[in-house]
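Every read-out reported here was derived from the displayed coordinates using simple, explicitly stated rules and does not represent laboratory data. All values reported here derive from a predicted model rather than from experimental measurement. All Cβ positions, even for glycine, are placed from backbone atoms using ideal geometry, and neighbour counts span all protein chains on display.
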Amino acid sequence: MTHGTHSAGHAPPLKMGVPIPNGKLGMWLFLGTEIMFFTAFIGTYIVLRWGSPGWPTDPNVTHIRVALGAINTFVLICSSVSVVLAHEAMSLRNYQKATKFLGLTLALACVFLGIKSIEYAGKFQHDILPGHVAESQEGARDKLVRELDKASGGLALRAELEKVKSALALGQGKRNELEGQQKALTEKLAAVGRVEAAYAPLKEQLRAGNISLLESRGKLAALKELFSGRAPEVETHDEREKSVIEEAKTKELATLEQRISADDKKLFRDQYSGTFNGVHDPHVIVYGNTFASIYFTMTGFHAIHVLVGMLMFGMLLYRGLTNTLGPDQELFVENAGLYWHFVDLVWIFLFPLLYII
Amino acid sequence: MTSSHATPSTGSHETGAHHAHPNYMAIFFILCLLTVASVIADMAGGAIGKLLVGLIVLVVASLKAMYVMMYFMHLKFEGAWKWVLLAPTVILALAVPAALAPDIAFKYYDPQNPQQKAYREQQALEKAAHAEAHPAAAAPAGEAHPAEKH
């Protein structure tokens with residue numbers, strides 16, 4: 001029987017593996033690992049969220065902008081269409097058209113990252129960063145004290161002065177230079193001491209814990225106004241909160257007017273204007289640190305994937321612009337497209353999970 | 001790329017990937033509509049309840065993902081290899097959340113962590129503020145509506 005079917009030297013060729021190009025198989029295997037990678041993040045987020053009653057969802061607290069997220073979703077959908085059209089053009093050997101769509105995909109990826117960077121800037125501005133968020137009233141007061149001290153610069157100056165004094169005592173370095181430095185630092189510290197005195201009563205109250213966060217926001221606003229000469233914007237959407245803050249600010253400004261000498265006021269405006277502008281309003285965001293970690297981990301890894309995609313499209317676009325795009329790149333475009341659709345897919349889930357729910 | 005392309009250049013034709021030409025613009029339109037549906041659900045949040053909003057947007061996201069995978073990633077037109085390759089990864093992907101869930105999500109005890117303490121304090125403050133603002137409604141209404149936070 002066997003002799004009859006297989007004549008000598010004509011055995012049928014063995015066909016192994018899946019019926020797709022090796023490159024495409026490799027891409028799909030890679031995407032398989034990517035599914036596990038992102039599902040681990042998304043799944044962990046869902047589980048953490050489930051077990052954390054009081055998770056921050058208010059956009060005024062988290063500074064999550066649904067409109068920006070929705071625009072970015074739209075941008076990625078457009079880019080997915082353009083990459084699929086680029087692949088179709090490649091299949092039809094229309095390389096000019098493919099180049100146009102590859103360029104469009106790259107441009108849309110840039111738009112996506114641009115919008116993402118606006119969102120990231122907002123998070124940095126409001127200090128919604130992992131490890132920076134106060135999760136209790138006490139934590140918020142402590143944070144404000146630390147930020148006030150850091151802004152005045154007294155702590156850093158004292159540490160520097162201590163170093164110079166130690167060097168002088170131990171006879172290290174040039175004595176004249178060190179003495180000069182000591183004199184300059186002492187003079188600077190005397191001025192900074194006047195700055196520190198301006199917020200000393202607020203600091204005392206914060207340390208003792210006998211001031212509400214709203215009241216301390218008002219007092220901080222008064223301090224900012226005293227130093228910069230401009231009333232800072234009160235960031236709240238609650239009219240009651242706003243009135244409490246404004247009232248505390250007006251009272252504090254009146255107190256400061258009486259307590260601070262004209263000389264000091266001049267010094268603050270001339271040399272220390274804007275010293276406290278970077279100090280953040282004290283807020284409590286329960287689970288704010290976990291939220292920030294999750295937000296930056298998920299969107300950050302997604303943004304890295306966008307960058308990798310841009311690199312691929314950049315390489316292909318270069319070939320298109322130099323007329324070196326040919327049939328050999330068809331599989332590359334298909335694989336880059338598969339990768340890009342996956343990036344889109346991840347965002348499709350990140351958008352509702354991070355921006356809406 | 002060239003070497004992998006050379007061997008099975010007919011491979012993708014065998015699977016039928018190039019035979020089908022889905023209407024990409026129609027898929028694009030559906031995806032846009034679904035995104036708009038998510039945003040509308042978010043805007044209607046207060047009226048329909050958070051749980052329902054969550055459910056709607058996740059179902060919408062799954063639909064969008066299905067359209068992208070089936071038509072843009074051509075999985076609808078690929079051979080059975082897609083199941084062999086993707087089913088195990090999807091199952092394995094669920095391992096981390098499944099392993100974490102019992103300890104973190106489904107706690108049988110009342111967690112005594114600082115965040116929970118702060119959350120309870122915050123809720124008490126909000127309740128007091130609400131009662132102060134609406135003295136008549138405070139007694140029968142009980143607790144503040146979660147949507148009224150901040």
(message) Checking the a/c ratio against 1.5 first, then a/b against b/c, what shape does the Cα gyration tensor give for region A:33-107?
(response) oblate
(message) Need one value for B:60-67: mean number of C-beta atoms belonging to other chains within 10 Å of its residues' C-beta atoms.
(response) 5
(request) Work out, step by step, the length gained on full extension between A:Glu204 and A:Ala121: first 0.36 nm times the residue separation, then minus their alpha carbon distance; give nm to one decimal. (result) 26.6 nm
(message) Inside 10 Å of the C-beta atoms of A:277-285, what's the mean count of C-beta atoms belonging to other chains?
(response) 1
(message) Per q in 0.11, 0.14, 0.19 Å⁻¹, report the Debye log10 I(q)/I(0) for region A:36-174, using one uniform scatterer on each alpha carbon and no solvent.
(response) -0.73, -0.91, -1.19
(request) Mind checking B:74-84 for the average number of partner chain beta-carbons within 10 Å of each residue's beta-carbon? (result) 3
(request) Rank-order A:129-139, A:238-248 by packing density, defined as the average count of other C-beta atoms within 10 Å over each peptide's residues, highest first. (result) A:129-139, A:238-248
(message) Can you compute 3J(HN,Hα) from phi for each residue in region A:250-259, using the Karplus curve 6.51 cos²θ - 1.76 cosθ + 1.60 with θ = phi - 60°, rounded to whole Hz and x for Gly and Pro?
(response) 4, 4, 5, 4, 5, 4, 4, 4, 6, 6
(request) Please get the size of the charge dipole for region A:130-186, origin at its Cα centre, with Cβ charges of +1 on Lys and Arg and -1 on Asp and Glu, quoted in debye to the nearest 20. (result) 300
(request) Using the structure shown, select from B:Lys50/B:Lys117; A:Lys163/A:Lys203; A:Lys143/A:Lys163; A:Lys116/A:Lys249; A:Lys174/A:Lys266 the pairs with a Cα to Cα distance greater than 28 angstrom. (result) A:Lys116/A:Lys249; A:Lys174/A:Lys266
(message) What number does region A:75-131 give for Rg over Rh if you use C-alpha atoms and the Kirkwood radius?
(response) 1.28
(message) Considering the Cα positions of region B:79-136, please state its Rg to one decimal place and its Dmax as a whole number of Å.
(response) 22.3, 67
(message) Looking at the calculated P(r) for the protein assembly as shown, what percent of the C-alpha pair distances fall above 33 Å?
(response) 56
(message) Can you compute the charge dipole magnitude of region B:79-136 about its Cα centre, using +1 on each Lys and Arg Cβ and -1 on each Asp and Glu Cβ, nothing else charged? Give it in debye, rounded to the nearest 20.
(response) 240
(request) Assign one of three labels to region B:23-78, namely rounded, prolate or oblate, based on the Cα gyration tensor with a ≥ b ≥ c the square roots of its eigenvalues; rounded applies when a/c is under 1.5, prolate when it is not and a/b is larger than b/c, and oblate otherwise. (result) oblate
(message) Tell me which of B:Pro114, B:Val90, B:Gly79 sits at the most positive position along the dipole axis of region B:79-136, charges placed on C-beta atoms (Lys, Arg +1; Asp, Glu -1).
(response) B:Gly79
